[in-house]
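Remarks on the structure that follows.
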Amino acid sequence: MNYWLFLIPLISAFIGWVTNWIAIKMLFHPREPRRFLGITLQGIFPKRQQQFAEKLGRLVSDEFLSYQDIENRISNPDNLKKIMPLIESHVDDFLRNRIQQEMPMISMFIGDKTIGKLKGAFMVEIESLFPVVMKQYASNLRTELDLEHIVIQKVAGFSSDKLEEILLQIMSKEFRFVEIIGAVIGFIIGLLQILLTWLTQ
């Protein structure tokens, strides 16, 4: 048997590793379109960055952070209950101190009992008015703040270098695994080639 055949698995493993390494690099490179043998080459992410930005913008505005979710959260009565003590503290300060500073004559006729009644009336009114105000605010926000457009602009203008750096930080182990798998599959194919050669002799 020709012992040079045993180099085949090593060569196949090397080819498998290089092929997958090139495939990973081609996710990001070349940044700009390059003509090679009549074929235009460009990295997948740079080429599809605008499409990726548009899809991500729609996904964020429709699913992750929809205006309906924002409206529901800011007009939720439970959220109002959390801030009611702060509002009550400000109303109390206004009735006891600010009125005395701004209108000292009127404050002379307002005692603790009157302040308590006024504060109670204010708090009831604020509690009923707050959800309406928040819904109106969310409605105005929908027309003034185009969340989808903001995300598209941000992602489309994102540096390809920065995107590659982030993805490599997150997926470096996975990319390395893909390279190793290419080498392993190449090695197995090389062994099969030796086996087929030996069987046909």
Filter pass, R35 being outside any helix (DSSP H, G or I), modelled with pLDDT of 80 or more and basic (K, R) = yes
Only one of K81, K47, K55 is more than 30 Å from G157 (Cβ to Cβ) and among the basic types (K, R), namely K81
If you check S12 against the conditions, is it at pLDDT 75 or above, under 30 Å from S139 (Cβ atoms) and among the hydroxyl-bearing types (S, T, Y)?
-> no
How do the pairs read when you match residues in the stretch 29-49 that are within 12 Å of E164 (Cα to Cα) with residues anywhere that are among the charged types (D, E, K, R), using Cβ under 7 Å and keeping only pairs 6 or more apart or on different chains?
-> G43/R31; P46/R31
Evaluate the following for M134: is it hydrophobic (A, V, I, L, M, F, W, C), out of contact with any Leu (no Cβ under 6 Å at 6 or more places or on another chain), free of Cβ contacts under 8 Å to residues at least 24 places away in the same chain and surrounded by 13 or more Cβ atoms within 10 Å (Cβ to Cβ)?
-> no
Which of (1) touching a helix residue (DSSP H, G or I) at 6+ places or on another chain (Cβ under 9 Å); (2) free of Cβ contacts under 8 Å to residues at least 12 places away in the same chain does N140 not meet, given it meets every other one?
-> (1)
Count, please, the residues in the stretch 1-22 that happen to be touching a helix residue (DSSP H, G or I) at 6+ places or on another chain (Cβ under 8 Å), closer than 25 Å to L167 by Cβ and surrounded by fewer than 14 Cβ atoms within 10 Å (Cβ to Cβ).
-> 0
Among the numbered conditions (1) closer than 30 Å to L59 by Cα; (2) of a type outside the set (G, A, S); (3) surrounded by fewer than 15 Cβ atoms within 10 Å (Cβ to Cβ), tell me where E164 comes up short.
-> (3)
Conditions (1) closer than 30 Å to G116 by Cα; (2) surrounded by 12 or more Cβ atoms within 10 Å (Cβ to Cβ): number failed by P30 = (1)
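The values are calculated or read from the model by the stated rules, or taken from the named source; none is laboratory data. Quick caveat: nothing in here was measured; it's all calculated off a predicted structure. Methodologically, a virtual Cβ is constructed for each residue, glycine included, from the backbone with ideal geometry; neighbour enumeration extends over all protein chains shown.
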